Amino acid sequence: MRKFHKSHALNIGDAVIAAAAKEKGMKLVSRNIKHYPMRDVDIVKPY
């Protein structure tokens, strides 16, 4: 949250979603990948 809040306008909801996906070892599916700049989370665009 501290790392990306200012540069990517990361809000608490997006941070919690990314943290949950990382913790569970799951892929995060989102149409707005700009909200998830983390490199250690596997992010998939659905189309």
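Where a number appears in this text, it was derived from the coordinates with a stated rule and is not lab data. Since the model is a prediction, treat every value here as computed from it, not as a measurement. Don't worry about glycine lacking a Cβ; one is built from the backbone with ideal geometry, like all the others, and counts go over all protein chains shown.
For Leu28, the residues whose modelled amide H falls within less than 5 Å of its own, excluding neighbours fewer than 5 places apart on the same chain, are Asp42, Ile43, Val44.
Given the Cα-Cα distance of Asn11 and Lys34 and 0.36 nm per residue of separation, how much length would full extension add, in nm? Please report the intermediate quantities before stating the final value.
Values: separation 23, 0.36 × 23 = 8.28 nm, distance 1.20 nm.
Result: 7.1 nm gained on full extension.
Using only Cα atoms, tell me the angle between helix 12-24 and the longest principal axis of the chain; keep it within 0 to 90° and round to the nearest 10. It is inclined by approximately 40 degrees. Think of each Lys and Arg Cβ as +1 and each Asp and Glu Cβ as -1; about the Cα centre, that makes the dipole of the chain roughly 140 debye. Only one of (1) 64; (2) 43; (3) 55 was calculated from the structure for percent of Cα pairs over 14 Å apart, and its label is (2).
How much net charge surrounds Asn32 when only the other residues with a Cβ under 12 Å from the Cβ of Asn32 are counted, with Lys and Arg +1 and Asp and Glu -1?
Numbers: positive: Arg31, Lys34, Lys45; negative: Asp14.
Residues close to Asn32 contribute a combined charge of +2.
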